[in-house]
Amino acid sequence: MAGGDAERQKLCREAAEQIRSEKLLEQIGKAVGEPKEKDIRRYYQRNIERFSVPEMVRAAHIVKHPDPQVPSEQQKQQMDELLGRIENGEDFAVLADEHSACPGNGGDLGYFSRGQMVPSFEQVVFDLPSGQTSGVFSTEFGWHIAKVLDRKPAMPCPLEQVRQVIVNELTQQARDKALERFLDAERQKAVVEER
């Protein structure tokens, strides 16, 4: 029974300590208050890249996957012929549906940002102006011809759209600083009391 009482007392002390800690954090939170408008705007401006939608490209492609039965040079030659047909005015989407290893939707991949496709594909596509068709190029997936259908530049989200995120971050930073100051003061008191 005595061991059970000691354990119960220990649990009660821990629970009381937890309650004191929570009350202290609540008091610190109230003391900190809401960040000022100028601080919100300054934080937004200093971190604008975090609150931006990245550049997006909408592209279509024709791809020939590697085929062990067909030499790579022959596959490239087939893609060069398709490129010639595109350059002579044939419709890219029709040729993509007829000749691509990934037919459908005219080869349209939809919108994507950097980091969503393999780097060798992105390098070509993000360097192309809207409406332009690439030359034949290779990636780990085979031979490609790409066409940029549209692009959207990187754009910052409006402040009002990210305001609550900023308020939360600034409030948390202020609470952390206030708690650190409180703990430093308590440590100083403990050092003085020890002497």
* Just Arg42, Arg13, Arg114 to compare: in a GNM of the chain, with alpha carbon springs under 10 Å, which one fluctuates most? -> Arg13
* To do: Report the equivalent ellipsoid semi-axes for the stretch 55-153 in whole Å, largest first, defined as the square roots of five times the eigenvalues of the gyration tensor built from alpha carbon atoms.
  => 21, 15, 11
* To do: Tell me, rounded to the nearest percent, the portion of alpha carbon pairs in the stretch 114-163 spaced more than 13 Å apart.
  => 64 percent
* Structure fact -> From DSSP H assignment alone, runs of 4+ in the chain each adding -39500 (n - 2.57), the sum over residues rounded to the nearest 500 puts [θ] at 222 nm at -19000 deg cm²/dmol
* Structure fact -> In cubic angstrom per residue, the convex hull of the stretch 136-195 built on its Cα atoms measures 188 Å³
* Between Ile145, Ile48, Ile19, find the one with the highest GNM mean-square fluctuation for the chain; connect C-alpha pairs within less than 10 Å. => Ile19
* Asked: So how compact is the chain: Cα radius of gyration and Dmax in angstrom?
  -> 30.7, 94
* Asked: Going by alpha carbons, how many degrees (0 to 90, nearest 10) lie between the helix axis of 37-46 and the longest principal axis of the chain?
  -> 40 degrees
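Just rank Lys177, Lys147, fewest to most, by other beta-carbon atoms within 10 angstrom.
The fewest-first ordering by Cβ neighbours comes to Lys177, Lys147.
Bear in mind these aren't lab numbers, they're just calculated from the coordinates by the rules spelled out. Bear in mind the structure is a predicted one, so any value in this text is a computation, not a measurement. All Cβ positions, glycine included, derive from the backbone under ideal geometry; neighbour counts span all protein chains shown.
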